[in-house]
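> Could you have a look at this structure, given as structure tokens, before my questions?
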């Protein structure tokens, strides 16, 4: 599984979640149920991720692979939303950089450059992991 291919889905998920201002279009009882039951919200989030992956990868769709990607994206999203705001913005910015690098790689097929870009993506991912660790240390000091 190439985690950098999941960046598009993560951004799509963030857009959908931030589109929560459409709440008034839902049934009031259903909205109340969602607000009360956090586990149901997580389940809906997992379904949303799974179906986004399925739609975006229709030609390469495999249920088990899609489930693994779903679990990865959900876990990353869950921990990302636990970050302090300053770290959250840094991680979002780093995700944007990975997204742009990936976009560039897909449109320019220069193998040597792509190898360098993949190294940069891995470095950015490592930096994000460090940020998660720093956040945990600061929270539980």
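> Filter the stretch 50-66 for residues that are modelled with pLDDT of 85 or more and surrounded by 11 or more Cβ atoms within 10 Å (Cβ to Cβ); which is farthest from the chain's Cα centre (by Cα)?
Across the stretch 50-66, the extreme among qualifying residues is 65.
> Additional query: Answer yes if at least one residue in the stretch 31-50 is farther than 16 Å from residue 129 by Cβ, out of contact with any helix residue (DSSP H, G or I) (no Cβ under 8 Å at 6 or more places or on another chain) and in a loop (DSSP other than H, G, I, E, B), and no otherwise.
yes
> Also, quick follow-up: Against the condition within 30 Å of residue 43 (Cβ to Cβ), in contact with a helix residue (DSSP H, G or I) (Cβ under 9 Å, 6 or more places away or on another chain) and touching a residue at least 60 places away in the same chain (Cβ under 8 Å), how does residue 125 come out, does it pass?
yes
> Another question about this same structure. Can you name the residue in the stretch 102-117 that is without any contact (Cβ under 8 Å) to a residue 40 or more places away in the chain and surrounded by 15 or more Cβ atoms within 10 Å (Cβ to Cβ) and is also farthest from the chain's Cα centre (by Cα) among such residues? Outline the logic, then answer.
In the first step, residues of the stretch 102-117 are kept if they are without any contact (Cβ under 8 Å) to a residue 40 or more places away in the chain; the result is 103-117.
The next check asks that each one be surrounded by 15 or more Cβ atoms within 10 Å (Cβ to Cβ); those that pass are 105, 114, 117.
Values: 105: 19, 114: 22, 117: 20 Å.
Looking at the filtered set, the residue picked out is 114.
> Next up: Which residues, counting only those in the stretch 67-92, are over 17 Å from residue 10 (Cα atoms) and either within 14 Å of the chain's Cα centre (by Cα) or not in a helix (DSSP H, G or I) (or both)?
If the condition is that a residue be over 17 Å from residue 10 (Cα atoms) and either within 14 Å of the chain's Cα centre (by Cα) or not in a helix (DSSP H, G or I) (or both), then 84 is the only one that fits.
> Just one of (1) in a loop (DSSP other than H, G, I, E, B); (2) in the same structural domain as residue 118 (by TED's automatic domain parsing) trips up residue 102, so point out which.
(1)
> Between a residue in the stretch 77-91 that is in the same structural domain as residue 49 (by TED's automatic domain parsing) and loosely packed, with under 11 Cβ neighbours inside 10 Å and any residue that is modelled with pLDDT under 95 and outside any helix (DSSP H, G or I), which pairs come within a Cβ distance under 7 Å, given they are 6 or more apart or on different chains?
none
The values are calculated or read from the model by the stated rules, or taken from the named source; none is laboratory data. If you're wondering where the values come from, they're calculated on a predicted model, not measured in any experiment. With ideal geometry, Cβ positions are generated from the backbone for all residues, glycine too; neighbour counts draw on all protein chains shown.
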